[in-house]
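Peer 1: Here it is, the structure, as structure tokens.
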Amino acid sequence: MNEFVELMTKRRSIRKYQSKMIRNAELDQVLYAGLYAASGMGRQPCYFIAVRDPETRNLLSSMNARVLGQPDTDPFYGAPVVIIVFADTTSPTYLYDGALALGNMMNAAHAVGLGSCWIHRAKEEFETATGRLLLKEWNLPETVEGIGHLVLGYPAEEELPEAAPRKEDHVTFLMEKKEFPALIEILNEKSVILEGTAKTKEEAIREAGRIVVDLKCAGEEYIESMLQREEDFSTYLGNGVAIAHGTVWGRKRIFKTGVSMVRYPEGVDFDGNRATLVFAAAGVGDDHMDLVQQISVAAQNETVVAALNEATGFRDIQEALRNLALYK
Ligand SMILES: Cc1cc2nc3c(=O)[nH]c(=O)nc-3n(C[C@H](O)[C@H](O)[C@H](O)COP(=O)(O)O)c2cc1C
């Protein structure tokens, strides 16, 4: 993975800080990243107030705690520095611009070895009487709105928190056509079992996964990654079809695009659904999502599913899938 991108994946919100003050050079770099954020039509509507002064830092923390409804807490988690981002509401994209500046700064903070956390409620905080006085003191236009705070400091713990699992199913690829081999071309006689032996979902995923591994399309770990994916969400598609496929990390163990189909005439329980057709998909690069998409299209077509369930040999399977050769 690109170093810069990897850095962004490793950034975490830090909620425990050392009291030690950060260096000015580090603070400057974080602010630079905010200043250089993109903004709608390049209007640069953001203002940054960087607070190192402990008195002001504590005042802001107590104002924020009051908005939060927990007046005796420190919502800044003991971080010694806070940057408040404001944006001028006369710019139509001010909110997006402010959020983007904060995002840039969070990543920059991580890059220079600082911990950071976005702390919310800046809008409400600076709508209070004290907040409005501070805006005046800081010479900010009356039209600004508080977007968020970025608290900064050295993390108290060496190990960064683990990232929450990512919602990979929130990513949809709408790929350029023609490039991908059709499902019918990938599936072959060796990758289809018409009478599977598995009795449980896990066994079925292993049985279908075993085929792609034995065909040297993926390493052993890919099967575990398919099971991992299944823990995150069920790959049951409907109409008795399930499509096991690995996580983004598991996909690194795919060597060659391959797919298998195992049929269970009695059905296998997939989280309360009876799956009679279990596919295992392993696509190299962009092939992967395309394969999953092609199988999803097949699963939604009741005629095709019925034909696959009734097939007496591989030729019948080919015939059933012929209409789904989407990308010729
Ligand atoms: C708009 C926004 C508001 C947030 N407000 C707070 C907050 O008030 N307090 C806090 O502890 N974390 C806050 N966070 C941090 C999120 O809780 C954190 O980003 C999320 O749990 C994901 O964790 P990660 O940043 O480590 O990936 C906020 C994040 C965003 C983007």
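The values are calculated or read from the model by the stated rules, or taken from the named source; none is laboratory data. Note that the structure is a prediction, hence the values are computed from the model and not measured. Cβ placement follows ideal geometry from the backbone for every residue including glycine, while neighbour counts extend to all protein chains displayed.
Peer 1: For the list (1) assigned by TED's automatic domain parsing to the domain that holds Ser61; (2) away from the ligand (no atom under 16 Å from the Cβ); (3) surrounded by 13 or more Cβ atoms within 10 Å (Cβ to Cβ), I need the number of the one condition that Glu137 fails.
Peer 2: Among (1) assigned by TED's automatic domain parsing to the domain that holds Ser61; (2) away from the ligand (no atom under 16 Å from the Cβ); (3) surrounded by 13 or more Cβ atoms within 10 Å (Cβ to Cβ), Glu137 violates only (3).
Peer 1: State which residue pairs qualify: first residue more than 14 Å from Glu159 (Cβ to Cβ) and in contact (Cβ under 8 Å) with a residue 60 or more places away in the chain and inside the stretch 6-17, second residue assigned to a loop (DSSP other than H, G, I, E, B) and more than 10 Å from the ligand (Cβ to nearest atom) in any location, beta carbons under 9 Å apart, and separation of 6 or more residues or different chains.
Peer 2: Sorted first by the residue in the stretch 6-17, then by its partner, the pairs are Thr9/Met1; Tyr17/Gly78; Tyr17/Ala79; Tyr17/Pro80; Tyr17/Tyr154; Tyr17/Ala156.
Peer 1: Picking from Ser61, Ser116, which residue would you name as being free of Cβ contacts under 8 Å to residues at least 24 places away in the same chain, crowded, with 19+ Cβ neighbours inside 10 Å and within 15 Å of the ligand (Cβ to nearest atom)?
Peer 2: From the options Ser61, Ser116, the qualifying one is Ser61.
Peer 1: Could you pull out the residue among Ile22, Ile49 that is more than 16 Å from the ligand (Cβ to nearest atom), under 21 Å from Glu142 (Cβ atoms) and touching a residue at least 60 places away in the same chain (Cβ under 8 Å)?
Peer 2: Selected residue: Ile49, the only one of Ile22, Ile49 that is more than 16 Å from the ligand (Cβ to nearest atom), under 21 Å from Glu142 (Cβ atoms) and touching a residue at least 60 places away in the same chain (Cβ under 8 Å).
Peer 1: Look through Ala65, Ala79, Ala50 and report the one residue that is in the same structural domain as Thr130 (by TED's automatic domain parsing) and more than 17 Å from Gly146 (Cβ to Cβ).
Peer 2: Of Ala65, Ala79, Ala50, the one residue that is in the same structural domain as Thr130 (by TED's automatic domain parsing) and more than 17 Å from Gly146 (Cβ to Cβ) is Ala79.
Peer 1: Could you tell me whether any residue of the stretch 201-224 is crowded, with 24+ Cβ neighbours inside 10 Å, closer than 23 Å to Val304 by Cα and at pLDDT below 95?
Peer 2: No, there is no match, as no residue in the stretch 201-224 is crowded, with 24+ Cβ neighbours inside 10 Å, closer than 23 Å to Val304 by Cα and at pLDDT below 95.
Peer 1: Please state which of the following conditions Leu160 fails to meet, knowing it meets all the rest: (1) within 14 Å of the ligand (Cβ to nearest atom); (2) surrounded by fewer than 10 Cβ atoms within 10 Å (Cβ to Cβ); (3) not hydroxyl-bearing (Ser, Thr, Tyr).
Peer 2: In the conditions (1) within 14 Å of the ligand (Cβ to nearest atom); (2) surrounded by fewer than 10 Cβ atoms within 10 Å (Cβ to Cβ); (3) not hydroxyl-bearing (Ser, Thr, Tyr), Leu160 misses (2) alone.
Peer 1: Filter the stretch 228-266 for residues that are assigned to a strand (DSSP E or B) and of a type in the set (Ser, Thr, Tyr); which is farthest from Lys199 (Cα to Cα)?
Peer 2: Ser260
Peer 1: Against the definition (in a strand (DSSP E or B), aliphatic (A, V, I, L, M), in contact (Cβ under 8 Å) with a residue 40 or more places away in the chain and in contact with a helix residue (DSSP H, G or I) (Cβ under 7 Å, 6 or more places away or on another chain)), how does Ala280 come out, yes or no?
Peer 2: Here the answer is yes, as Ala280 does meet what is asked.
Peer 1: Please state which of the following conditions Trp138 fails to meet, knowing it meets all the rest: (1) among the hydrophobic types (A, V, I, L, M, F, W, C); (2) out of contact with any Leu (no Cβ under 9 Å at 6 or more places or on another chain); (3) farther than 21 Å from Asp97 by Cα; (4) touching a residue at least 12 places away in the same chain (Cβ under 8 Å).
Peer 2: Among (1) among the hydrophobic types (A, V, I, L, M, F, W, C); (2) out of contact with any Leu (no Cβ under 9 Å at 6 or more places or on another chain); (3) farther than 21 Å from Asp97 by Cα; (4) touching a residue at least 12 places away in the same chain (Cβ under 8 Å), Trp138 violates only (3).
Peer 1: If we scan the stretch 140-152, do we find a residue that is assigned by TED's automatic domain parsing to the domain that holds Ile14, under 17 Å from Asp28 (Cβ atoms), among the hydrophobic types (A, V, I, L, M, F, W, C) and surrounded by fewer than 21 Cβ atoms within 10 Å (Cβ to Cβ)?
Peer 2: no
Peer 1: May I ask you to verify whether Ala208 is of a type in the set (A, V, I, L, M, F, W, C), in contact (Cβ under 8 Å) with a residue 24 or more places away in the chain, farther than 30 Å from Asp28 by Cβ and not in a loop (DSSP other than H, G, I, E, B)?
Peer 2: yes
Peer 1: Do we find a residue being hydroxyl-bearing (Ser, Thr, Tyr) and in contact with an Asp or Glu (Cβ under 7 Å, 6 or more places away or on another chain) anywhere in the stretch 15-33?
Peer 2: no
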